[in-house]
Amino acid sequence: MERRNDTELLAAALSGDGDAFGAFYRRHARRIAAFHLARTRDAQDAADLTAETFAAALEALDRFDPQRGEPIAWLFGIARHRLATQARRGAVEDRARRRMGLERLVLDDAGLERVEAAATAELVRVELREGFDALPADQREAIALRVLLDHDYAEVAGATGSSEVVARKRVSRGLSALRARLAASGRTTR
């Protein structure tokens, strides 16, 4: 459970702590989604607007000023702005679609699940890349040789100038660190 207050989370996120912004998101996502759902009465639009709200907040972290108010008020201001923008954009899109005789594209549950799965896979890929880059050089090299290039441990040992036992430990420790990073972020590679 995250114990930092919202202002501390945003300050940490501005300093590059992605986990801090994740905690801020988890703390307020339901309230922002409920806000959007109450106004749009459409779950898909509410989900899109919630994502846009947090994306805009992340992009605007450097403009948050705790002297001007609480982070939640700032976040709801962004949510109201995204809602107004969507309403204007939606009206224009609706008129254009009607002129062209097109129906509104609506994703069914299976379509929404495919979008969510693709987004999750991309997040896992990014998390793995960042985790891999954060590993010590000897573990990165051993994993690259063993997992990515499919060398056996004797070849890894020869390429790294170590014993097979050391090569196995480097691969094992590196992969364990990557699994722990994914588990800590709440993502899996299933």
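The residue that is surrounded by the most Cβ atoms within 10 Å (Cβ to Cβ), counting only those in the range 158-176 that are under 30 Å from the mean Cα position of the chain (by Cα) and among the charged types (D, E, K, R), is R170. Candidates in the range 125-157 are the residues that are under 17 Å from G18 (Cβ atoms) and of a type in the set (D, E); of these, the one that is surrounded by the most Cβ atoms within 10 Å (Cβ to Cβ) is E127.
Within the range 25-80, restricting attention to residues that are hydroxyl-bearing (S, T, Y) and closer than 23 Å to S185 by Cα, which residue is surrounded by the most Cβ atoms within 10 Å (Cβ to Cβ)? Restricting to residues being hydroxyl-bearing (S, T, Y) and closer than 23 Å to S185 by Cα, the top hit is T53. So which residues in the range 103-154 are modelled with pLDDT under 90, among the basic types (K, R) and within 22 Å of G174 (Cβ to Cβ)? Hits for the range 103-154 are R125, R129. Reported count of residues in the range 135-166, each being small (G, A, S) and in contact with a Gly (Cβ under 9 Å, 6 or more places away or on another chain), is 1.
The values are calculated or read from the model by the stated rules, or taken from the named source; none is laboratory data. Not measured: the values here are computed from a predicted model. Cβ sites come from the backbone with ideal geometry, for glycine too, and all protein chains shown count toward neighbours.
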